[in-house]
Ligand SMILES: [Zn+2]
């Protein structure tokens with residue numbers, strides 16, 4: 001799926017989590033958390049040569065080559081349970097090592113937001129043609145629905161760009177309009 005669709009799914013997923021665990025973060029932390037959700041949603045596809053982060057940043061191609069070498073190619077390491085666990089542990093280590101203890105609560109909220117966005121990504125990709133190698137390095141991809149292939153989403157297709165995004169807009173609108181106060185509370 002494209003980055004935009006992934007971000008829409010991630011924001012809906014984050015809001016859905018927020019409905020179960022309503023929190024009040026204050027305006028600054030709330031904005032950082034929403035940003036973290038969106039960055040998290042794009043991170044699993046950084047193993048793609050077309051990842052916009054690499055195309056747009058200086059020296060991006062070199063960083064991309066290194067990243068690909070480590071991650072074993074597109075949709076492998078970054079889309080697997082093992083990859084998610086390693087990335088989460090790495091970020092936790094970075095927080096515990098480089099951040100002052102009094103800021104741990106805020107840092108872990110941002111980490112949680114990032115991981116919600118991140119995990120929503122391979123879940124959404126499971127519905128696409130290629131599926132997701134959740135158990136990588138075991139070479140098997142979970143694809144839902146299992147068949148026929150026509151029922152799954154092709155990245156960049158009419159189905160994704162209009163039907164899937166249209167449905168996400170409707171779901172997002174319904175969720176927000178029926179639980180607007182939960183969102184307002186997040187910024188208080
Ligand atoms: Zn992906």
Subject >> Residue count for segment 120-163, restricted to those that are within 12 Å of the ligand (Cβ to nearest atom), within 19 Å of residue 38 (Cβ to Cβ) and in contact with a helix residue (DSSP H, G or I) (Cβ under 7 Å, 6 or more places away or on another chain) >> reply: 5
**OP:** Show the residue pairs that are 6+ apart or on different chains and have beta-carbon atoms under 9 Å apart, the first residue being within segment 1-25 and at pLDDT below 95, the second being part of a loop (DSSP other than H, G, I, E, B) and within 15 Å of the ligand (Cβ to nearest atom).
**Re:** 1/127; 1/155; 1/156; 2/155; 2/156; 3/51
Subject >> Number of the exception - residue 156 against (1) modelled with pLDDT of 95 or more; (2) part of a loop (DSSP other than H, G, I, E, B) >> reply: (1)
Original post:
For the subset of segment 30-58 comprising residues that are outside any helix (DSSP H, G or I) and surrounded by fewer than 19 Cβ atoms within 10 Å (Cβ to Cβ), which member is modelled with the highest pLDDT?
Top reply: 48
Original post:
Of the residues that make up segment 85-102, is at least one within 16 Å of the ligand (Cβ to nearest atom) and either under 15 Å from the mean Cα position of the chain (by Cα) or at pLDDT 95 or above (or both)?
Top reply: yes
Original post:
Just wondering, is there one or more residues in segment 112-121 that are within 18 Å of the chain's Cα centre (by Cα) and surrounded by fewer than 16 Cβ atoms within 10 Å (Cβ to Cβ)?
Top reply: no
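The values are calculated or read from the model by the stated rules, or taken from the named source; none is laboratory data. Bear in mind that the values here come from a model prediction, so they are computed numbers and not experimental data. Cβ sites come from the backbone with ideal geometry, for glycine too, and all protein chains shown count toward neighbours.
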